[in-house]
Amino acid sequence: MTPFRLEDRFGRVATDLRVSLTDRCNLRCTYCMPAEGLDWLPDDVTLTDDEVVRLITVAVERLGVDEVRFTGGEPLVRRGLVDIVARTREAGERLGRPLELSLTTNGLGLARTAASLAAAGLDRVNVSLDTVRAETFAEITRRDRLHDVVAGLEAAAEAGMTPVKVNAVLLRDVNDDQAGELLDWCLERSYELRFIEQMPLDAQHGWSRSTMITAEEILERLGRTHTLTPAVEPRGSAPAERWLVDGGPATVGVIASVTRPFCGDCDRVRLTADGQVRTCLFAREESDLRTAMRAGADDAELADRWVTAMRGKAAGHGIDDPTFLQPDRPMSAIGG
């Protein structure tokens, strides 16, 4: 089958699909949601496992998607996760072309599921970890679970889902003095560390650019303990700028979504847990596939709706625009 392309008005083609499997999470990170949590999506509007797999298959078979990342909320709380991964792998195999399958997770529960996920066809994981100090971890996440995340990372590496990537956010006066410490910890274990600028996607709408730790500040803090030189390979559509650490070969990445946006090279599209297409993390509009699918739309119609939605993608996220408004949905309900 010759696929259509998910091409927007600016010539960008989306081949990387981020699929949120749930908006629920078992941590309460201060920069994401309040301590009491959020009003979760009702079960009847959340896509079933079959519906998730069907929409992924439409994207792969008809729209040229060749990379799928499962996100949340926390995707490990989705009971059907292993089966969804396996069926997604099968969709690629039917076409005779490999898919790159990955998972973004907080790591809780990864120790007991890593082997099963790898056997189902998951290639790699990105684990969120902002600190390796137990007291700071508890302060940020409101949970004393650092040991579980560490065990999950070890299990992922043992299952062969490498390179194991670690995503970290630095918060001013909380963990911004621990950048070098976290890098050393990851280097010792051959994990690839990437620092991410805090983005305006918190449920409380308390984000402020004035308090955000910028990419420039991240590099300054890392430079106190390590020598960094820019990696020479082309960045392409990858969100992270990579730096050789002390001459390499180890690297560290910085994702500067706010201060150094990479919108012009974006190749991503998102599907929320309730079946909405989002063309950008910061989009304020969505396109509903769930309702059409449940009303009997065939795969061709769903693909056509997806193509139409992609044409509405903006040139950039517009955070620097004075008229910028934070999305109504928080990150946990969008999927990273």
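The values are calculated or read from the model by the stated rules, or taken from the named source; none is laboratory data. In this text, all values refer to a predicted model and were calculated from it rather than measured experimentally. We place every Cβ from the backbone using ideal geometry, glycine too, and count neighbours over all the protein chains shown.
The residue that is modelled with the highest pLDDT, counting only those in region 59-74 that are outside any strand (DSSP E or B) and within 11 Å of the chain's Cα centre (by Cα), is 74. In the set (1) in a loop (DSSP other than H, G, I, E, B); (2) out of contact with any Phe, Trp or Tyr (no Cβ under 6 Å at 6 or more places or on another chain); (3) closer than 27 Å to residue 264 by Cβ, residue 296 fails one condition alone, (3).
If you go through region 57-77 and pick out every residue that is surrounded by 21 or more Cβ atoms within 10 Å (Cβ to Cβ) and under 27 Å from residue 27 (Cα atoms), you end up with 9. Of all residues in region 146-172, those that are in contact with a Leu (Cβ under 7 Å, 6 or more places away or on another chain) and surrounded by fewer than 19 Cβ atoms within 10 Å (Cβ to Cβ) total 1.
Inside region 116-145, residues that are surrounded by 16 or more Cβ atoms within 10 Å (Cβ to Cβ), within 23 Å of residue 190 (Cβ to Cβ) and among the aliphatic types (A, V, I, L, M) make up a count of 7.
Filtering 333, 303, 273, 283 for residues that are crowded, with 18+ Cβ neighbours inside 10 Å, closer than 30 Å to residue 50 by Cβ, touching a residue at least 24 places away in the same chain (Cβ under 8 Å) and touching a helix residue (DSSP H, G or I) at 6+ places or on another chain (Cβ under 6 Å) leaves a single hit, 303.
Residue 309 meets all of the listed conditions (1) outside any helix (DSSP H, G or I); (2) within 22 Å of the chain's Cα centre (by Cα) but one, namely (1).
In region 244-267, of all residues being modelled with pLDDT under 95 and not in a loop (DSSP other than H, G, I, E, B), the one that is nearest to residue 316 (Cα to Cα) corresponds to 263.
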